[in-house]
1. Just checking, how many residues over the range 394-441 are surrounded by 15 or more Cβ atoms within 10 Å (Cβ to Cβ) and assigned to a helix (DSSP H, G or I)?
2. Return the only residue of Arg386, Arg422 being touching an Asp or Glu at 6+ places or on another chain (Cβ under 6 Å) and over 26 Å from Leu185 (Cβ atoms).
3. Can you tell me which residue is least open to solvent (accessible area, probe 1.4 Å) among those in the range 381-393 that are closer than 20 Å to Ala456 by Cα and of a type in the set (D, E, K, R)?
4. Across the range 323-380, which residue is nearest to Leu284 (Cα to Cα) among those that are in a helix (DSSP H, G or I) and β-branched (Val, Ile, Thr)?
5. Which numbered condition trips up Thr278, out of (1) modelled with pLDDT under 95; (2) under 26 Å from Tyr249 (Cα atoms); (3) of a type in the set (Ser, Thr, Tyr); (4) open to solvent by 50 Å² or more (accessible area, probe 1.4 Å)?
6. Just name the residue that is nearest to Glu168 (Cα to Cα) out of those in the range 206-228 that are of a type in the set (D, E, K, R) and in a helix (DSSP H, G or I).
7. Looking at the range 286-309 only, could you name the residues that are open to solvent by less than 80 Å² (accessible area, probe 1.4 Å), assigned to a helix (DSSP H, G or I) and farther than 26 Å from Tyr253 by Cα?
8. From the list Ala335, Ala344, which residue is within 18 Å of Tyr383 (Cβ to Cβ) and touching a residue at least 24 places away in the same chain (Cβ under 8 Å)?
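The values are calculated or read from the model by the stated rules, or taken from the named source; none is laboratory data. The structure presented is a predicted model; accordingly, all values stated were derived computationally and were not measured. Heads up, the Cβs are rebuilt from the backbone with ideal geometry, glycines too, and the neighbour counts pull from every protein chain shown. We work out accessible area using only protein heavy atoms, side chains counted, and drop any ligands, DNA or RNA first. Shrake-Rupley method; radii C 1.70, N 1.55, O 1.52, S 1.80 Å.
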Amino acid sequence: STTSKNSLLRSLQQLECHFTWILLKQDVDLDDLEETVGHQTKFLIKSNIINYNLLSYVCYLKNSNEKALRNLQKAEEEVKKYHPDEIARRSLVTWGNYAWIYYHMERYNKAQTYVRKVENSCKKLSSTAEWKMQLPEIYAEQGWALLKFGKKYYKRAKSCFENALQNEPNNPEFNAGYAIAMYRLEDYLERQYEDRSPSLKPLKRAVELNPEDTFIMALLALKLQDLEQGDKGERYIEEAMQKTPYLPYVLRYAAKFYRRKGEVDKALEILKKALAVTPTSVFLHHQLGLCYRSKLIQLKETTRYPPKEQVDQLIELAIYHFKIGTEQRKKFFSAHIDLAGMYAEGKRYKEAEEAFQKAFQINILSDGDKQEFYFRYGSYQLYSMRSESEAIRCYIEGLKFGKESYYFHKCSSALKKLLQQRIQKGLGDATDFGTLGFVHNLNGKKHEAVECYEQAVALCPDNEEYLSALCELRLSI
């Protein structure tokens, strides 16, 4: 009956599982997520309950409920194998997912059975009557799932791990999750303007608590490298590669470490080794492309007249690997934008334009991605297409997406430089002065902004926008 169906749905909404954690499929590339989690079940040795639960949800999102159920069976097998004494406690998320999948398959009796299983277990496990369990491992599992769903979810992931750590501050896995969330949040904000680095302490702590977790060790190495402590970082990278010489995740971060250090050939060697282990990894192909791009930059910086065939060969190699990234993963923004840049290097402007447009049409772009797009497309317009007006338009667009980020500063300084050059050459019109005033004001330089708006008003006395901006500024100083 409808009433019993409604009361079942109300019970389902009380469960703690992937279906109630608000993980939206439009925020991820599902095929890619399925592949990544699949790799992790294969290569990360610890118990895979969390991965199978997540895979079941991904399969449901891809409309394959039978496959979803098979992954939940695997999760149950893992629980029996690794936690025979705590089956109920460790199965709450799995059972919650079962209940939801059966509900979507319209097998309501089965769904109700799993809801009861969760309710009864919670009553046994908890002294309170409340059956929404606040177990630390459930917070942690939610945190891991959120990390997998991308940038928009990192803040929520961080607070899940914080909740888990309140009960078990020394749990190595919760500390690892918290450290990864902090690292990614910081990486995402790229606050290169503050030298304190909130993820350093959590990363160090996670490595101390579990010296065998080479994945965290590699992240710590990259973080130390960011903070100009490359020698310390390199010791961690070497140790991680010794402990797990064939773990693709460690190899790819090691390659990134050596590429950034300038040892590009060593990075290439490591990436080829990783590719032998996971030949379909788009991340590895993207990293290979970045290595060939670095070699190209090195060649141009160290040779006055670099040999054309060498330049062309490096451009071709970079394009080849970036292209694999874009073909295998339609929503891989960095690969698309890097491919566009490489086409521009090779003066293949029609293909560059197409690649830029494909990058911008990806439907899961964050504000930071959009900012990066406008910066890179603006620079392409300026240097390849020689269009100052288009470049200015792009840089201004890029400033509309929040001020804390790395690419906000890139757009802002590129725009400032371009406008100042135009003004110095005597080409500056009222619009240029007005725009420069706007940039100065955004960056908190009010006196410079006033001067620019005064110039704009002098050139265009009737413009209300400049007049009101000038009045507001004078009042605020």
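1. Final tally of qualifying residues: 31.
2. Arg422
3. Glu388
4. Quick first cut of the range 323-380, residues in a helix (DSSP H, G or I) only: 323-328, 333-345, 349-361, 367-380.
If we keep only those that are β-branched (Val, Ile, Thr) too, we end up with 324, 326, 337.
Details: Ile324: 10, Thr326: 12, Ile337: 16 Å.
Among them, the one singled out is Ile324.
5. It is condition (4) that Thr278 fails.
6. Glu208
7. First, pick out the residues of the range 286-309 that are open to solvent by less than 80 Å² (accessible area, probe 1.4 Å): 286-296, 298-299, 303, 306-307.
So of that shortlist, the ones also assigned to a helix (DSSP H, G or I) come out as 286-296, 298-299.
Selection gives nothing.
8. Working: Ala335 fails: within 18 Å of Tyr383 (Cβ to Cβ).
Testing whether each residue is within 18 Å of Tyr383 (Cβ to Cβ) and touching a residue at least 24 places away in the same chain (Cβ under 8 Å) leaves just Ala344.
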